[in-house]
Amino acid sequence: MKNRHQRIDAVIEKMQEVLEATRGQDPEFYAKYPMRLITEAEEHDIRAVTEKWRLPDEYLYFLQHYVSESLGWSTDEYINLDIYGARDIVQGQLGYSYNPVKNEVILEWPHSYLVIASDEGDPYCIDLSRGDTAIYTAEHGTGSWDFDIAYDNLEEFLHSVLLPRSSGEWETDETEEYNYYKVSITGEGNDKIKTLLFIKKTFSCDYSQAKVYLGALPLQVFKGIESCAMKIEADLKKIGADYELRQIGFGEFISAD
C-alpha cells in the first residue's frame, strides 16, 4: 500500500504542475484557485468524512493530501470535472444520494456509491461495498442510473485529468514516465492528394479547407504521448508526406498552441 500511496503522490504532483501552468497563462482569471493541491486536509474535515463512511485506505490517503477549492479540470475527456476534497465531499452527495430540498434519502441511488467527482452532473463514484477504488460513472438526466466502470482504480482516474481521451490505455507502475511529442506536416511529400486526404480526415474539414491548411506549413497534426505520436508518424510515412517529429516537455504538452 505504501507503493500505491507513492504513486498517488506522483499523480497529484503532476496535477499541481498542470494547475501552475494553467494559472501562468491567465494569472488574474485563476487568482481564486489554490496554489497547492499537495496540502494536508484539516483534521476536522477528515474526521467528519471517516465518521460518516468507511473509506478504502487509498482513497482516504488521497483525501488527506488533496485539497481543492473551486477547481475544475477541463480536458478532452471532461467538460468541467470537480474532484471533491475532504472539505466538500459531503456536500458533493447532494442531489445524488440525498435530496436537500425534501430533506430525504434518494432511494433510487445505489446506497453504497460515494460520489468523489462530478463532471457537469455526471457522477464518478466508488462502491464502498467493494473496498477498492474502482471508479464508476453514469450519465445524469436519463431517468435512471446506468453505471459502468470507467477506471480500474483511483490512480487511473487521476491520470485521466492529465491525458487526452485520444491517448488510449496505459499501464501504470512506479517507474513509468510519459514522453510527449509534436508531429507536424512540413511538406506535401510524394503524393499531394494523399497528404490532403490525411489533413481532411485529421481536422474533419472539407477538401478546400485542407488545401488552405497545406498552404500554411508547418501544420501541427498531433501533440501527445509517444505511443500515439508513433502511430501518426507511421501513417505519414505510409503516404509519403514530409513531417517533423519532435519530443517536447510536459509544460509544452499542456500549454495552449
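The values are calculated or read from the model by the stated rules, or taken from the named source; none is laboratory data. It should be emphasised that the depicted structure is a prediction, and the values quoted were computed from it without experimental measurement. Note that each Cβ is placed from the backbone with ideal geometry, even for glycine, and that neighbours are counted across all protein chains shown. Side chains are part of the model used for accessible areas, which takes the heavy atoms of the whole protein and leaves out ligands, DNA and RNA. Shrake-Rupley method; radii C 1.70, N 1.55, O 1.52, S 1.80 Å.
If I filter the stretch 92-146 down to residues being among the aromatic types (Phe, Trp, Tyr), assigned to a strand (DSSP E or B) and touching a Ser or Thr at 6+ places or on another chain (Cβ under 8 Å), which single residue comes out as least open to solvent (accessible area, probe 1.4 Å)? Let's see the steps before the verdict.
Of all residues in the stretch 92-146, those among the aromatic types (Phe, Trp, Tyr) come to 96, 98, 109, 113, 124, 136, 145.
Still in the running and assigned to a strand (DSSP E or B): 98, 113, 124, 136.
Pick out the ones that are also touching a Ser or Thr at 6+ places or on another chain (Cβ under 8 Å) and you get 113, 124.
Values: Tyr113: 38, Tyr124: 23 Å².
Here the residue is Tyr124.
Looking at this structure, is Ala241 touching a helix residue (DSSP H, G or I) at 6+ places or on another chain (Cβ under 9 Å), in contact (Cβ under 8 Å) with a residue 24 or more places away in the chain and open to solvent by less than 40 Å² (accessible area, probe 1.4 Å)?
Values: touching a helix residue (DSSP H, G or I) at 6+ places or on another chain (Cβ under 9 Å): yes; in contact (Cβ under 8 Å) with a residue 24 or more places away in the chain: yes; open to solvent by less than 40 Å² (accessible area, probe 1.4 Å): yes.
The answer is yes for Ala241.
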Pairs please, first residue from the stretch 49-69 and at pLDDT 90 or above, second anywhere and part of a helix (DSSP H, G or I) and among the aromatic types (Phe, Trp, Tyr), Cβ atoms under 6 Å, 6+ apart in sequence or on different chains. none
Which condition from (1) within 24 Å of Gly131 (Cα to Cα); (2) at pLDDT below 90; (3) assigned to a helix (DSSP H, G or I); (4) open to solvent by less than 60 Å² (accessible area, probe 1.4 Å) is the one that Gln6 breaks? (4)
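Please state which one of Asp152, Asp122 is farther than 20 Å from Leu60 by Cβ and modelled with pLDDT of 90 or more. Spell out how you get there, then give the answer.
On the way: Asp152 fails: farther than 20 Å from Leu60 by Cβ.
Step by step, each of Asp152, Asp122 is checked, and only Asp122 is farther than 20 Å from Leu60 by Cβ and modelled with pLDDT of 90 or more.
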Sort out which residues of the stretch 211-229 are touching a residue at least 12 places away in the same chain (Cβ under 8 Å) and outside any strand (DSSP E or B), and write them in order of number. Lys211, Tyr213, Leu214, Leu217, Pro218, Glu226, Ser227, Cys228, Ala229
So, in the stretch 47-91, how many residues would count as being surrounded by fewer than 18 Cβ atoms within 10 Å (Cβ to Cβ) and within 24 Å of His111 (Cβ to Cβ)? 12
Number of the exception - Ser184 against (1) open to solvent by less than 60 Å² (accessible area, probe 1.4 Å); (2) closer than 24 Å to Trp73 by Cα; (3) modelled with pLDDT of 90 or more: (2)
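Kindly indicate which of Glu174, Glu252 is open to solvent by 70 Å² or more (accessible area, probe 1.4 Å), modelled with pLDDT under 85 and of a type in the set (D, E, K, R). Talk me through it step by step, then tell me what you get.
Working: Glu252 fails: open to solvent by 70 Å² or more (accessible area, probe 1.4 Å).
Matching residue, one of Glu174, Glu252: Glu174.
Can you confirm whether the stretch 41-48 contains a residue that is closer than 20 Å to Glu155 by Cβ and either of a type in the set (Gly, Ala, Ser) or at pLDDT 90 or above (or both)? Reasoning before the result, please.
Just the residues of the stretch 41-48 that are closer than 20 Å to Glu155 by Cβ, to begin with: 41.
Adding the requirement that they be either of a type in the set (Gly, Ala, Ser) or at pLDDT 90 or above (or both) leaves 41.
Taking every residue of the stretch 41-48 in turn, at least one turns out to be closer than 20 Å to Glu155 by Cβ and either of a type in the set (Gly, Ala, Ser) or at pLDDT 90 or above (or both).
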